[in-house]
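Working notes, beginning with the structure itself.
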Amino acid sequence: DFDSPTEEELRRLDTILDVDDSALESCLSEEEHRPRVEEFPDHIFLLLYGVLAPAEDPTFAPRRLAAFCGKRFLVTIHTVSHRTINSLKQRFLSHGEHILGRGVDFVLYSLMDGLVDNYGVALAEFHDQLDALEEQSLSSDDDGIFSRAIQLRRELLELRRLAIA
């Protein structure tokens with residue numbers, strides 16, 4: 001797990017694992033990329049996004065997570081903390097042998113499953129907040145309620161785009 005790696009650290013990773021250069025450039029780039037999975041002869045590259053529920057991060061900022069997965073390795077790369085990564089690390093402390101015994105693909109599955117679960121939590125909380133704002137709007141002339149409702153709808157659309165892309 002590379003948490004906020006330097007370019008030099010990622011270049012060293014490339015010399016060890018010989019990962020695809022364009023995928024590695026995606027890890028180094030600050031540009032927003034769409035989620036994707038790319039297949040290569042000896043590994044796959046995944047670019048995924050995690051989210052936090054509005055109560056945890058009211059500014060809806062998807063958290064990019066890149067991963068290289070081969071038969072004998074899984075490397076994750078991110079610049080901000082991911083609850084799913086932290087949770088998986090905790091599981092390794094007590095059940096590492098069991099988890100790794102099921103293969104690298106199971107570890108990748110566990111990681112992706114955690115990201116998807118967080119989408120469900122965030123979507124439910126966004127919907128609850130939107131319902132509350134819509135209820136308030138019926139009994140208020142406050143324009144701030146309408147602008148917040150519009151912002152929540154935009155964030156919901158972005159969340160759905162990331163979840164199904």
Want the number for Arg91 to Glu38: 0.36 nm per residue separation, take away the alpha-carbon distance, what's left?
16.3 nm
Counting other Cβ atoms within 10 Å of each Cβ, which chymotrypsin sites (Phe, Trp or Tyr not before Pro) in region 84-165 have at most 13 and sit in a DSSP loop?
none
Give, in nm to one decimal, the length gained when the segment between Asp57 and Ser29 is fully stretched (0.36 nm per residue of separation minus the Cα-Cα distance).
7.7 nm
Computed from these coordinates, which is Cα extents along the principal axes in Å: (1) 48, 39, 28; (2) 70, 32, 27; (3) 62, 35, 24?
(3)
Expressed as a percent, the accessible surface of region 1-56 that is carbon or sulfur, using a 1.4 Å probe and the full set of protein chains, is 47
Going from most exposed to least, what order do His98, His33 have by accessible area with a 1.4 Å probe?
His98, His33
Quick one: accessible area per residue over the chain, 1.4 Å probe, rounded to a whole number of Å²?
60
When the accessible area of region 66-165 is computed with all protein chains present and a 1.4 Å probe, what percentage of it is carbon and sulfur?
55
If you put +1 on each Lys and Arg Cβ and -1 on each Asp and Glu Cβ, how big is the dipole of the chain around its Cα centre, in Debye rounded to 20?
540
Relative to a virtual label point 7 Å from the Cα of Phe2 in the Cα→beta-carbon direction, which members of region 78-106 show backbone nitrogen distances below 12 Å?
78-79
Under the classification rounded if a/c is under 1.5, otherwise prolate if a/b is larger than b/c and oblate if not, where does region 76-124 fall, given a ≥ b ≥ c as square roots of the Cα gyration tensor eigenvalues?
prolate
Could you give the length gained by full extension between His98 and Gln151, i.e. 0.36 nm per residue of separation minus their alpha carbon distance, to one decimal place?
14.7 nm
Going from most exposed to least, what order do Leu123, Leu138, Leu88 have by accessible area with a 1.4 Å probe?
Leu138, Leu123, Leu88
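The values are calculated or read from the model by the stated rules, or taken from the named source; none is laboratory data. Not measured: the values here are computed from a predicted model. Cβ coordinates were reconstructed from backbone atoms using ideal geometry, including for glycine residues, and neighbour counts include every protein chain displayed. These accessible areas exclude ligands, DNA and RNA; they are computed on the full protein's heavy atoms, side chains included. Shrake-Rupley method; radii C 1.70, N 1.55, O 1.52, S 1.80 Å.
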